[in-house]
Amino acid sequence: ADGRHWLSHSLIYLYLFTGDITQKGYEKKRSKLIRAYVPHAGGNLAASDPPSTHPESAQLLPQHFRSIDRPLPIHTRMEGPMSHRAPLGPPSAARFHRRRTSGTRDERYRSDVHTEAVQAVLARHVERKVAVPMPSKRRSLVVQTSMDAYTPPDSSSGSEEEAGPGDDMSGMEHWMSRPSQLGPAHLGSTSSSSSSTQSGGSGNAGRLADSLAHTHLSHLNHSAPPDVTGYSSDSSHSHTERHHMANMGTIARNTQKYGNAERMETGDGVPVSSRVSAKIQQLVNTLKQPRRPPLREFFVDDFDELLEVQQPDPNQPRPEGAEMMPVRGEALGVVTNWPPSLEAALQRWGTISPKAPCLTSLDTAGKPLYVLTYGKLWSRSIKLAYNILHKLGSKQEPMVRPGDRVALVFPNNDPVAFMVAFYGCLLAEVVPVPIEVPLSRKDAGSQQIGFLLGSCGVTVALTSDACHKGLPKSATGEIPQFKGWPKLLWFVTESKHLSKPPRDWFPHIKDANNDTAYIEYKTCKDGSVLGVTVTRIALLTHCQALTQSCSYTEAETIVNVLDFKKDVGLWHGILTSVMNMMHVISVPYSLMKVNPLSWIQKVCQYKAKVACVKSRDMHWALVAHKDQKDINLSSLRMLLVADGSNPWSISSCDAFLNVFQTKGLRAEVICPCASSPEALTVAIRRPVEDSSQPPGRGVLSMQGLTYGVVRVDTEERLSVLTVQDVGTVTPGGLVCVVKPEGVPQLCQTDEIGELCVCSIATGTSYYGLTGMTKNTFEVYPVSAGGGLISEYAFVRTGLLGFIGPGGLVFITGKMDGLIMVSGRRHNADDIVATALAVEPMKFVYRGRIAVFSVTVLRDERIVVVAEQRPDSTEEDSFQWMSRVLQAIDSIHGVGVFCLALVPANTLPKTPLGGIHLSEIKQLYLEGGLHPCNVLMCPHTCVTNLPKPRQKQPEIGPASVMVGNLVSGKRIAQASGRDLGQTDDNDQFLFLSEVLQWRAQTTPDHVLYTLLSSRGAVSNSLTCLQLHKRAERVAALLMERGGLQEGDHVALVYPPGIDLIAAFYGCLYAGCVPITVRPPHPQNISTTLPTVKMIVEVSHSACVMTTAVICKLLRSKEAMATVDIRNWPPVLDTDDLPKKKPPALYKPTNPDGLAYLDFSVSTTGMLAGVQMSHNAVGAFCRSVKLQCELYPSREVAICLDPYCGLGFVLWCLCSVYSGHQSILIPPVELESNPALWLLAVSQLRVRDTFCSYSVMELCTKGLGLQTEALKARGLDLSRVRACVVVAEERPRMSLTHSFSKLFKDLGLHPRSVSTAFGCRVNLAICLQVKRTADLALRHDRVRLVERGSPHSLPLMESGKILPGVRIIIANPETKGPLGDSHLGEIWVHSAHNGSGYYSGYGEEVLQSDHFNSRLSFGDTQTVWARTGYLGFLRRTELTDANGERHDALFVVGALEEAMELRGMRYHPIDIETSVIRAHKSIMECAVFPWTNLLVVVVELEGSEQEALDLVPMVTKAVLEEHYLIVGVVVVTDIGVIPINSRGEKQRMHLRDGFLQDQLDPIYVAYNM
């Protein structure tokens, strides 16, 4: 391989980059690196010699490089000559020489300094290899449509309004293969890796492992340069990978949702999957690298948390020059035959030389369509003026009077009709407002134009016949009113539709005065449209100034490619041309799209003296020009570059000159100009005859520019901006430079500021906006001393720049494109140019890049959006994106927040095909861009996060405890009321005895009623029936099962009556029951292993179930998952023995085991809690007292009866308290969401219990049916308590929307409350509802106003049950905490569980969950640790016993809490922010992975919207939690696993993510 070539152009991913490098240093580094690869033979230069030392190479540099190198002293301090810039040359001079001499075209003509700088910056990181993990995408999102299905979008250089003839030209590929791009050798390596389309990105992971392997192997493998562009695989790498794999220990573990999977451990012991781990591990390593600036971080430990304030850099450059005095243009010469007004000029030429050609319009083939002569223009304008004034409206009430505004709506290919209409308006003394043709009712930006027309009071629109026919029409043939537009009368201006004016009618032609001549529209940065008014005197003076500076003479021919409705195109091609009787050849945009060379051909054909173009027209001409023999540009004396003030036009100008110099183009002909809608033409370079005077050039330091300082870059750095002058101030004008913000004070000579102009030839106001007019058109600049520099007002131009030596004006950017990041200024155009210089046009379209800033976390952040070519692969685009980030970071010293690529042709366009910046920004902010590739880099650019918090030392046992105070605060403890022994059944110690007692005393009292999905009673049980069935179950266990006392029995039943009978049957037989959720028939493979696991862990001696489930366990699907032969005996209770057992078991030990409560916690752990007979009795008594349950009461229960409070309410409470339980299985609600509420209403139930999933089903399923339900008689006014049973923080938003939704059906909002239980104590709190907004910072709690920023709305978790004591303890030190401190909730109660059950001897590990003691204070009481964080808060309310009420607030599970940046976060808070971020987010879950935050969102909508979520989620979490999201995973609905209680299983999700089992739509790694 040609080592030099490889090295200069290898582009490598790198994360961050520090400092600048000088040219010398760069050469040195380069030579050192390539010594190993470059043979020192014959024709090649020695590697160590920089090219500039070779006379041959210097003489072979293309001409324009030498012109760039001309020294330009910017101000007196820097007079010394600058050293020549040695461009970073091509691979070797010899090859370059051969190519020049063989007569082929010079490939390097367009290569400007900037492109080379970018390429050099990227090549410079060869030593550091950090591969950035590529986002993975589902295959359906990647499949490319065939190329023919795409129309290439138009493109342009930097111009926003206009675009060009698709870039897919035949000459293009040839043109692109310039040596400064990556050569074919590099493409080979990337093409092998196009398989990145595998779903879930597991394909990437392998290649990532390879690319990591490169990193280890590159120093061994000297024979070939390491491949840094793609993830290629070769045998040596895969060998390394296998070796890694062999060393990985794998652990198998059953997970509830994702089956068995293999895992490995990372260095810090976190189990990960071998497939994703490479990618994520790499990301983690990337993030550990030091950031660019060593920031001064501080953190105020206060509620109003301060963000990092950007400290000014003490070394930043500051202006040092003298004060810049205003610069005056030459005096406006008074020429005797200049007309007194523009209409007078038209009258003169129309009568003296009516045959002289005025305007030639062309068709799309480039043939002249129509030649408008001065005579025709004059007569038609008169005719139109007469018709406007006399034929609209009635004689008494004309619609248009002199001074009224009229819209001109003409397409870009009809300059003739436009010109007639414009002059017709001038003659009629009405004010023309030229606007674009509205293509559709929803055209981007068309609404804003409508607002402009409305504010100008426009009622009439002039248009051409063809345009009128093309406008959208309603069914009746009328033109509909466009959105935001006033009602308009459309008036066609063709002569055949007009009446002839009477002989005696003649327009009144007066001298130019201060009346408004026309209004030019201007689009602002935010998309709003303003109208700039230009008076008749300003119009005339401007024409005179242009005539003088461009030396226009009569009958010259001028070719105009620009938009003739506004700006330079209007001023030169419509106005000044008529003043001087010139002939304009108007080249329409539609012709340029088909034939980009058309304007050059017209210049040759008409021997035109002047051409008005934009730099993109020059660029296209280069692209399309294929050794055309007959081109001769020697007739041109002036090539006016309208956007010459854009700093990047210099490369187009140089390249154009370089190629067309051989075709007769002279260097001095190129004349850039600077203009703005407000100030009209500010400066223009004169076409000089003497070519010895070179144009001004400045090579400015980009870093200096960001501080608003001009510094000539003498150190030959890469990050420079080369600017060309735009000539001198226009004649008759006075220009000064003022500070862009604040008071308009004059700048210093080496300071960048906004140019202001004082001249007659400027706009005078924004129509109808006096405030904005004052700020822009009436500026009075002051000197440093504070004195006014002129009594006349200046106009702000919106251009940023400075005035160099000799009064030359230099423009460095526009106010509209200014982006302020951390106090430094960046120019959107500069960033676009840097992005384009990274292999321009290989992956994106040249003119379709938008750069704007959005505010995130109180600073501006840069967003780059580009249209991707349909033929570029996923991987290529990703590499391009990473290189763009790198280049912008290095050259501009600023990080990019988000880089998004969208499919071709999808960005909103302006009427001339350019991109509509404000609409794109709006789409981005709304999450409606639909990108196909996104790279977010919050880590690099968000540098003002609060400093990570240091842990404060906790108060230890040595701190003073006085009574119930700890460090000056009341100890956080509370208790429910006492459990009194009151009732008859309280005499029984065992529940089985209570049932026997009830069967004797109240045999026919109904305890249970089961409802079907239709709401009918499908089954019921009285006390006696339950007792009888339980006896028969006991007989079955003893006879068929042959079970002994104390054996464990698994009950696998659907929710219903059988489950209850089986439970009491076990108690009667002396066995220990375990309730297990049956496997789901549609999902056996994932649900059956859990059943099997519980049966195994609980050591069940047999399984009892129904005949249906028996059959299911023996089915083929079940056998494939778990073989039936591995199960303990399965007893079917559908045919019970008729006889009862010989004797019922009489339990003797109240502390003996009553049942095992198995459940999967939110963290995915399966745990069985032992419940003793004592605990069961105390539990039932506690619930009975709290809910006031008596035999006469009815309670509706819509819960799963398998664990926790749900099981206790379903199976135990009715037997203990004697009330009737109406059982509603939650599964039935899926087919009939109204079942539960209708049952509550019809049975007039006062108390009901449900879960969050039931509440959510009702809220979502019945949201639109409340009226229908009311009609069916649904009435919830009797409900006293509707309690949600859960083991988590109350979900306030859900309970709130439920209350709100059913309020109309009589539900009292106060009746909805929550219960809280956990593994160690199945119910701690029940009922009661209070809410508060709290700020939780550093585990301290403060009550704040509702809706305060960074506050949590929390709801009290219920009233503490009778017999329960609670204390808040520090989970680490186990010391008691004060009131309103966040800590772990510890509970002491008779119904605590007695320990975890596990047959593997692991009880020791968990024992401290059930019997912990405080480290100081009350060290005698035994507490159970709930594992939940919460706090107690004493309220103003009093309890029944007269004490003040202590409210318990549960915040979240301790094992789910995430420690990030030294702060504790709860997943639910971040998830709340994420769900609000975008309308398409259905559900989300977050979990930490090493030091990264991973967010998984379920997408509701099409997969095309998936990537919209990434920036929205990242921004929401940053703004609301000061956290950077590491990975965003977008999945289908239903991927986030949820347990039976409706709680998210985040750890299962995490396992699924690490084992790559989520089948995500998109995974984005935020860099």
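The values are calculated or read from the model by the stated rules, or taken from the named source; none is laboratory data. Not measured: the values here are computed from a predicted model. Glycine also receives a Cβ, built like all others from the backbone with ideal geometry; neighbour counts cover every protein chain displayed. Note: areas computed on protein heavy atoms with side chains; ligands, DNA, RNA excluded. Shrake-Rupley method; radii C 1.70, N 1.55, O 1.52, S 1.80 Å.
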Cross-link partners of residue 1270 among lysines (Cα-Cα below 18 Å; sequence separation of 8 or more within a chain):
1260, 1300, 1303
What is the diffusion coefficient of the stretch 540-583 in µm²/s, taking the Kirkwood radius over Cα pairs and the Stokes-Einstein relation at 20 °C with a viscosity of 1.002 mPa s?
210 µm²/s
Taking all protein chains as present, what is the carbon and sulfur share of the accessible area of the stretch 485-586, in % to the nearest whole number, probe 1.4 Å?
49 percent
Whole-Å distance, taken between Cα centres, linking the stretch 1170-1209 and the stretch 342-385
96 Å
Rounded to whole Å, give me the distance from the Cα center of the stretch 1497-1548 to that of the stretch 477-553.
54 Å
Return an integer: the convex hull volume of the alpha-carbon atoms of the stretch 653-713, in Å³ per residue.
139 Å³
Can you flag which of 496/607; 376/774; 565/629; 376/607 are past 31 Å Cα-Cα?
496/607; 376/774; 565/629
Expected unfolding gain across residue 475-residue 1080 under the 0.36 nm per residue rule, minus the alpha-carbon gap, is 212.1 nm
Let's test the formula: R0 of 25 Å, r as the Cβ-Cβ distance of residue 1491 and residue 1372. What FRET efficiency results, to the nearest 0.05?
0.75
What FRET efficiency, computed as 1/(1 + (r/R0)^6) with R0 = 25 Å and r the Cβ-Cβ distance, is obtained for residue 1019 and residue 1111, rounded to the nearest 0.05?
0.75
Share of accessible surface on carbon and sulfur in the stretch 762-918, whole %, 1.4 Å probe and ligands ignored, is 54 percent
Ignoring ligands and nucleic acids, what accessible area does residue 330 show with a 1.4 Å probe (Å², nearest 10)?
80 Å²
Accessible area in square angstrom per residue, the stretch 1483-1552, 1.4 angstrom probe
22 Å²
Expected unfolding gain across residue 774-residue 1297 under the 0.36 nm per residue rule, minus the alpha-carbon gap, is 183.3 nm
Under the 7 Å Cα-to-Cβ spin-label approximation, residue 1271 and residue 1532 lie apart by a distance in nanometres of 3.7 nm
At a threshold of 8 angstrom on Cα-Cα distance, excluding pairs fewer than six apart, so keeping six or more, what relative contact order does the stretch 430-568 reach in percent?
26 percent
Hey, which of these cross-link pairs are over 24 Å Cα-Cα: 383/469; 739/814; 522/602?
522/602
Taking a ≥ b ≥ c as the square roots of the eigenvalues of the Cα gyration tensor, with a/c under 1.5 meaning rounded and otherwise prolate when a/b exceeds b/c and oblate if not, the stretch 457-538 is oblate
How long are the semi-axes of the equivalent ellipsoid of the stretch 1215-1347, taking √(5λ) for every eigenvalue λ of the Cα gyration tensor, in whole Å from largest down?
27, 20, 14
Distance (nanometres) between label positions extended 7 Å along Cα→Cβ at residue 1344 and residue 855:
1.9 nm
Could you give the nm distance between label points at residue 1232 and residue 528, where each point is 7 Å from its Cα heading toward the beta carbon?
5.9 nm
How many angstrom lie between the Cα centre of the stretch 387-441 and the Cα centre of the stretch 749-824?
33 Å
How high is the FRET efficiency between residue 1166 and residue 311 when r is their beta carbon distance and R₀ equals 45 Å, given to the nearest 0.05?
0.30
Spelling it out for residue 491: with amide H atoms placed in the peptide plane at 1.01 Å from N, the residues 5 or more places away or on another chain with amide H under 5 Å from its amide H are 461, 462, 463
Sort largest first and round to whole Å: the equivalent ellipsoid semi-axes of the stretch 1061-1206, each the square root of five times a Cα gyration tensor eigenvalue.
29, 20, 16
